[in-house]
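Engineer: This structure is in structure tokens; I'll ask about it shortly.
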Amino acid sequence: TSYQTAVPAAVAADLFAEGLIMQRGAFPAEVIDPKPFVEKLSQYGLNIKIEDRNPV
């Protein structure tokens, strides 16, 4: 949905404004610390579960 598309961008902007994202310019999403990002997503109602799995 448009909400699911917009919220991650808004969360990234929030983290940038709070100084939790220090990089400037274009960079891959992998450089963002996932913990505060996922926590903020849940504040907007987008619950994410991160699970580490070992291959079988």
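Engineer: Any residue in region 9-32 that is of a type in the set (Asp, Glu), surrounded by 15 or more Cβ atoms within 10 Å (Cβ to Cβ) and part of a helix (DSSP H, G or I)?
Structural biologist: Looking through region 9-32, at least one residue is of a type in the set (Asp, Glu), surrounded by 15 or more Cβ atoms within 10 Å (Cβ to Cβ) and part of a helix (DSSP H, G or I).
Engineer: Take region 34-56 and flag every residue that is modelled with pLDDT under 90, surrounded by 10 or more Cβ atoms within 10 Å (Cβ to Cβ) and not in a helix (DSSP H, G or I).
Structural biologist: Scanning region 34-56 gives a single hit, Ile48.
The values are calculated or read from the model by the stated rules, or taken from the named source; none is laboratory data. What you see is a predicted model, and the numbers here were worked out from it, not measured in a lab. Cβ coordinates were reconstructed from backbone atoms using ideal geometry, including for glycine residues, and neighbour counts include every protein chain displayed.
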